[in-house]
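Derivation of every value follows stated rules applied to the coordinates shown; laboratory data play no part. This structure is a prediction, so every number in the text was calculated from the model and none was measured. Positions of Cβ are generated from backbone atoms using ideal geometry, with glycine treated the same way; all protein chains shown enter the neighbour counts.
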Amino acid sequence: MKHRSWRTLLTMAVVIFTVCQFSPAQGREPTGEVKKAVESGFLGDYSQLKKGSSGEAQMIYIKPAADFSRYTKIIFDPITIYISEDSKLGKLP
């Protein structure tokens, strides 16, 4: 396998995430609406997040000391979403 720089791998990951995020799903068309990122309390400390530039997520964090040259692959694990009966998501087709 040809060696790829960490910037190339990161760019590929962002592109794949963006395509998955904004592609039509279950017959629904994308609205083009982008909601403002809000601090939900999940992280606890949001001070190290920076505004993403064009083509990036709204808020990003890249560890300054990260050595991405050590990575050769990206794993995307499938996710399962469990929706409670009173959730607004439960009304989706």
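Using unit Cβ charges (K, R positive; D, E negative) and no other charged atoms, how large, in debye to the nearest 20, is the dipole of segment 52-93 about its Cα centre? Mind dumping the intermediate values first?
On the way: 5 positive and 5 negative charges, 26 e Å.
Roughly 120 debye for segment 52-93.
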query: What are the residues whose amide H is under 5 Å from the amide H of residue 59, where those residues sit 5 or more places off or on another chain and H is modelled from the backbone?
result: 52
- prompt: Per 10 Å bin, what is the whole-percent P(r) computed from every C-alpha pair distance within segment 39-92?
  reply: 16, 26, 40, 15, 3
